[in-house]
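See below for the structure under consideration.
The values are calculated or read from the model by the stated rules, or taken from the named source; none is laboratory data. Quick caveat: nothing in here was measured; it's all calculated off a predicted structure. We place every Cβ from the backbone using ideal geometry, glycine too, and count neighbours over all the protein chains shown. The accessibility values were calculated without ligands, DNA or RNA, using every heavy atom of the protein model including side chains. Shrake-Rupley method; radii C 1.70, N 1.55, O 1.52, S 1.80 Å.
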Amino acid sequence: MIQRIKKVRAFTINEMLVVLLLTTIVVGIGFAVLQLIQRQMGGIHRNYGHNTELNLLRQSLWIDFNQSDGVWYDSKSGQLFFANEIKEVTYHIHKDKVIKETDTFGIPFREHHFFFKGEVQKEGEIDALDFIGPKGDGSQRLFVFKTNAATSAVNK
């Protein structure tokens, strides 16, 4: 009696190597794309945080400017004073941050200018300020102004 050899249906070693190679390529491309997406998300997160911080500072300055009867800048100490009959608020302006009482706004500014009645002021009473961000950040600007109180006209 002759025994018959049964063939088992299976893939050859060459076919398995081709599949393994293709799988490796596809997984490698997937990880590369994932890394690019993670980098993009990190950049979006940083920009969102920076813009949020800038908007919070703008809002805080806008409120204090428009609630105050007078605003003064002292260039020696780098302080911005807001005063009305109820309260006084002080901002400390540093190169890489602005501090208001317990709030710290971690925003660097390349330049800052102060104005009173349209004239640039080095110190003293002001009614507008212009902060210019670093060049690498798209040079974002922060401009805040107020309408002068009657006491400003009397004091000058």
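Just to be sure before I move on: is ILE107 modelled with pLDDT under 90, open to solvent by less than 70 Å² (accessible area, probe 1.4 Å) and of a type in the set (Val, Ile, Thr) in the structure I sent?
Values: modelled with pLDDT under 90: yes; open to solvent by less than 70 Å² (accessible area, probe 1.4 Å): yes; of a type in the set (Val, Ile, Thr): yes.
Criteria met by ILE107.
Just one of PHE115, PHE65, PHE145 is touching a strand residue (DSSP E or B) at 6+ places or on another chain (Cβ under 7 Å) and open to solvent by less than 40 Å² (accessible area, probe 1.4 Å); which is it?
Going through PHE115, PHE65, PHE145 in turn, just one is touching a strand residue (DSSP E or B) at 6+ places or on another chain (Cβ under 7 Å) and open to solvent by less than 40 Å² (accessible area, probe 1.4 Å): PHE65.
So which residues in the stretch 70-88 are touching a residue at least 24 places away in the same chain (Cβ under 8 Å) and surrounded by 15 or more Cβ atoms within 10 Å (Cβ to Cβ), if there are any at all?
First pass over the stretch 70-88, keeping only residues touching a residue at least 24 places away in the same chain (Cβ under 8 Å): 70-76, 80.
Answer for the stretch 70-88, where residues must be touching a residue at least 24 places away in the same chain (Cβ under 8 Å) and surrounded by 15 or more Cβ atoms within 10 Å (Cβ to Cβ): GLY70, VAL71, TRP72, TYR73, LEU80.
Filter the stretch 1-54 for residues that are polar (S, T, N, Q) and open to solvent by less than 80 Å² (accessible area, probe 1.4 Å) and give the result. Don't jump to the end; show me each part of the working.
We begin by selecting, within the stretch 1-54, every residue polar (S, T, N, Q); these are 3, 12, 14, 23-24, 35, 38, 40, 47, 51-52.
Once the filter is applied, which keeps residues that are polar (S, T, N, Q) and open to solvent by less than 80 Å² (accessible area, probe 1.4 Å), the stretch 1-54 yields THR12, THR23, ASN51, THR52.
Quick one: in the stretch 89-104, which of the residues that are among the basic types (Lys, Arg) and open to solvent by less than 80 Å² (accessible area, probe 1.4 Å) is farthest from GLY70 (Cα to Cα)?
Kept after step one, since they are among the basic types (Lys, Arg), are these residues of the stretch 89-104: 95, 97, 100.
Cutting the leftovers down to open to solvent by less than 80 Å² (accessible area, probe 1.4 Å) gives us 97, 100.
Values: LYS97: 23, LYS100: 17 Å.
Restricting to residues being among the basic types (Lys, Arg) and open to solvent by less than 80 Å² (accessible area, probe 1.4 Å), the top hit is LYS97.
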